[in-house]
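Below you'll find the structure, written out as structure tokens, and then a few comments.
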Amino acid sequence: MGLQHFLVLSAILFSIGMYGALSRTNAVGILLSIELMLNAVNVMMVAFACYVQPAPGGADLAGQLFAIFIMTVAAAEAAVGLAIVITVYRLRHTIQVDEIDLLKG
């Protein structure tokens, strides 16, 4: 398997996540789609880290470190997002984003 295979897989996963985030009205579905997009970026980062030659004299772990950072941000995003969804559900009894108008004046 070459770098192109991983890039195609990453592009497909990112496209599916983008379509899900833009087409869904359910807040939990949007959060899941964002997670899919972040995982697509992780696949791309690790693939580039494996296939790109490191600088002479040192190991290049930037791709893996960025992937771990993205996973940390994704976990925090999921926790905060789910807390917001639960709070909105308690107030409005719905998680449909087109029915939530709390910020309208």
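Values as computed for the structure displayed
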read-out	value
Nearest-ten-degree value, helix 27-51 long axis tilted from longest Cα axis of the chain	10
Residue-averaged [θ]222 nm for the chain, counting only DSSP H segments that reach four residues, each worth -39500 (n - 2.57)	-26000 deg cm²/dmol
Percent carbon-and-sulfur accessible area, the stretch 5-69, ignoring ligands, DNA and RNA, probe 1.4 Å	76
DSSP-loop trypsin sites (Lys or Arg not before Pro) across the stretch 39-105, with at most 15 other Cβ within 10 angstrom	LYS104
Dipole axis of the chain (+1 Lys, Arg; -1 Asp, Glu on Cβ), positive-most option in ILE100, SER10, PHE66	ILE100
Residues of the stretch 29-92: accessible area per residue with a 1.4 Å probe, Å²	65
In Å, descending, principal axis extents of the Cα set of the chain	57, 24, 22
Helix axis angle, 3-23 relative to the chain longest principal axis, alpha carbon, degrees	10
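The values are calculated or read from the model by the stated rules, or taken from the named source; none is laboratory data. It should be emphasised that the depicted structure is a prediction, and the values quoted were computed from it without experimental measurement. Neighbour counts run over all protein chains shown; Cβ positions are idealised from the backbone, glycine included. In case anyone asks, the SASA skips ligands and DNA or RNA and just uses the protein heavy atoms, side chains included. Shrake-Rupley method; radii C 1.70, N 1.55, O 1.52, S 1.80 Å.
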